[in-house]
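Taking it in order: structure first as structure tokens, then the write-up.
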Amino acid sequence: MIKIPFHIPNIPESIEKIFSESVRSGWLTTGSQVNELEKKIADYLDVEHIIAVNSCTAALHLALTAKGFGVGQKFIVPTLTFVSTIECGEYLGMEPILVDSSEDGFLMDLNQIEDIVKSDDSIKAIIPMHYAGESIDLESIMEIAGKYNLFVLQDAAHAFETEHNGIKIGNTDHAAAFSFYANKNLTTGGEGGALATNDSNLAERVKKLSLHGITKDGWNRFKTNGNWEYDIVAMGYKYNLTDYAACFGLSQIDKIDQWQKIRAEIVLKYNKGLSHIDGIRLPNINHGHAKHLFVIRLDLERWSISRNSFITKMNERGIGLAVHYKPLHQLLYYKEKYGFNIDEFPMANTLYESIVSLPIYPNLADDSINYIIENIIQLHNTYSK
């Protein structure tokens with residue numbers, strides 16, 4: 001039987017050579033390779049500052065910490081997102097306010113935000129998430145943020161390559177956090193992330209906080225022409241990215257535009273092969289979309305099986321699928337801690353019951369794409385009402 005994983009990372013053919021450059025340098029942790037990766041990402045996103053860290057979660061946490069937020073303050077997050085989006089504020093004792101998905105898609109419902117903010121002056125930040133690689137309406141968010149003096153921290157875990165009105169996500173005077181996890185469009189070999197900002201003061205503080213609050217990292221302390229002396233200016237964290245990981249990212253970033261074209265071709269093939277099926281709603285993927293995920297919605301009124309059964313039957317045919325995500329208000333920890341009312345998030349509930357993420361990655365072969373399409377059609381023919 002054919003086996004098609006949900007994701008296969010892009011492993012460079014010259015992987016040994018790439019890593020050996022770091023090994024030969026005699027320096028494996030944060031150093032010249034990380035600096036080079038930060039410069040390349042900053043150039044790619046056209047942003048002033050990139051601070052490379054070991055995860056998107058770290059980048060989110062550092063940004064809120066650097067802004068001085070804490071106990072007694074609140075932040076707004078979408079309920080349809082990964083847990084990192086809410087954890088970052090909870091680490092600081094902030095209280096989350098969840099917002100339902102919009103009626104026309106997967107993104108946070110912006111129509112709810114101003115009513116929430118104007119009635120509670122303890123709200124200090126908004127963390128919008130660019131779901132699947134689709135940009136949220138940043139103009140509307142920034143207008144509300146400006147009106148109520150809010151910090152906008154974009155969760156751009158899915159959005160490396162996403163553009164909004166021709167400007168890449170990350171080019172912001174607030175901040176955006178990226179993920180370079182194993183299944184992302186750009187990966188640093190398993191774990192990794194970065195914070196992007198045009199705010200020099202924020203960037204400087206995040207940089208220090210990412211490595212113990214130290215004034216001088218090891219690269220600058222221990223190299224032959226360095227100065228060992230350092231100080232600690234804040235309680236920081238161990239969130240730095242290693243040179244070894246940065247080497248992996250450097251091997252990918254020059255190929256990112258080429259891979260984006262392949263992702264666009266896969267989108268076209270899925271759209272062509274599945275558009276005639278009444279029981280499936282395809283994602284609206286525009287030019288600025290990063291195409292990180294291809295998320296279909298099953299019209300369950302037209303199917304005699306559930307979404308979970310659909311996934312099981314596709315798995316039995318050797319096809320790996322995923323669900324992004326179980327809404328935060330349905331997760332046990334958050335239900336018990338905050339007592340969220342499930343009925344307050346009808347759109348996210350509906351989405352969660354019906355969404356399925358199909359494989360989409362540059363080395364997904366045409367035969368595999370056709371096999372996925374054929375099996376979806378077969379299931380629809382068998383289980384449609």
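Please treat every number below as a calculation from the coordinates, not as lab data. Quick caveat: nothing in here was measured; it's all calculated off a predicted structure. Positions of Cβ are generated from backbone atoms using ideal geometry, with glycine treated the same way; all protein chains shown enter the neighbour counts.
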Open item on the list: Ignoring solvent entirely, what values of log10 I(q)/I(0) come out of the Debye formula for region 287-339 at 0.20, 0.21, 0.30 Å⁻¹ when each Cα is a single scatterer?
Closed with: -0.92, -0.94, -1.13
- [ ] Quick one: what are the phi-derived ³J(HN,Hα) couplings along region 100-110, Karplus 6.51/-1.76/1.60 with θ = phi - 60°, whole Hz, x for glycine and proline?
- [x] 6, 6, 6, 6, 10, x, 9, 7, 4, 6, 6
Task: Intensity falloff of region 67-169 expressed as log10 I(q)/I(0), Debye formula with alpha-carbon point scatterers, at q = 0.10 Å⁻¹ - done: -0.25
Open item on the list: Let me test this: with uniform point scatterers at the alpha carbons of region 23-114, what is the Debye-based log₁₀ I(q)/I(0) at q = 0.10, 0.14, 0.17 1/Å?
Closed with: -0.40, -0.71, -0.90
Open item on the list: Please list the three semi-axes, largest first and in whole Å, of the ellipsoid equivalent to the chain, using sqrt of 5 times the eigenvalues of its alpha carbon gyration tensor.
Closed with: 36, 28, 17
Task: √(5λ) per eigenvalue of the Cα gyration tensor, region 238-326, largest first, Å - done: 32, 18, 12
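From the convex hull of the Cα coordinates of region 256-383, what is the mean projected area in square nanometres?
Working: hull surface 37.2 nm².
Result: a mean projected hull area of 9.3 nm².
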- [ ] Considering only DSSP beta bridges where both residues belong to the chain, give the percentage that are antiparallel (nearest 5).
- [x] 60
Task: Between helix 200-209 and the chain: long-axis angle, C-alpha atoms, 0 to 90°, nearest 10 - done: 90
Task: Point-to-point label distance, Asp231-Glu374, nm (Cα→Cβ direction, 7 Å offset) - done: 6.9
- [ ] Quick one: which residues, 5 or more positions from Glu134 or on another chain, have an amide H under 5 Å from its amide H? H modelled 1.01 Å from N in the peptide plane, none for Pro or chain starts.
- [x] Ala290
Open item on the list: Per residue of region 141-151, what does 6.51 cos²θ - 1.76 cosθ + 1.60 with θ = phi - 60° give for ³J(HN,Hα)? Whole Hz please, x for Gly and Pro, Karplus curve as stated.
Closed with: 5, 5, 5, 5, 4, x, 5, 10, 6, 10, 8
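Across region 115-177, how large is the tail of the calculated P(r) beyond 20 Å, expressed as a percent of all Cα pairs?
Values: 477 of 1953 pairs.
Taking all Cα-Cα pairs of region 115-177, the fraction more than 20 Å apart is 24 percent.
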Open item on the list: Under a crude label model (7 Å from the Cα following the beta-carbon direction), how far is Glu95 from Lys255 in nanometres?
Closed with: 4.9
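Normalising by the residue count of the chain, find the relative contact order in percent from Cα pairs under 8 Å and 6+ residues apart. Walk me through the intermediate numbers first.
Values: 769 pairs, mean separation 86.4, N = 385.
About 22 percent, as a whole number.
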Open item on the list: Just to be sure I understand: with springs between alpha-carbon atoms less than 10 Å apart, which residue in Asn149, Asn240, Asn183 has the highest mean-square fluctuation in the Gaussian network model of the chain?
Closed with: Asn149
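For the chain, what does the helix formula give at 222 nm: sum of -39500 (n - 2.57) over DSSP H segments with n ≥ 4, over the residue count, nearest 500 deg cm²/dmol?
-11500 deg cm²/dmol
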Task: Label-point separation, Asn308 to Leu268 (7 Å along Cα→Cβ), nm - done: 3.9
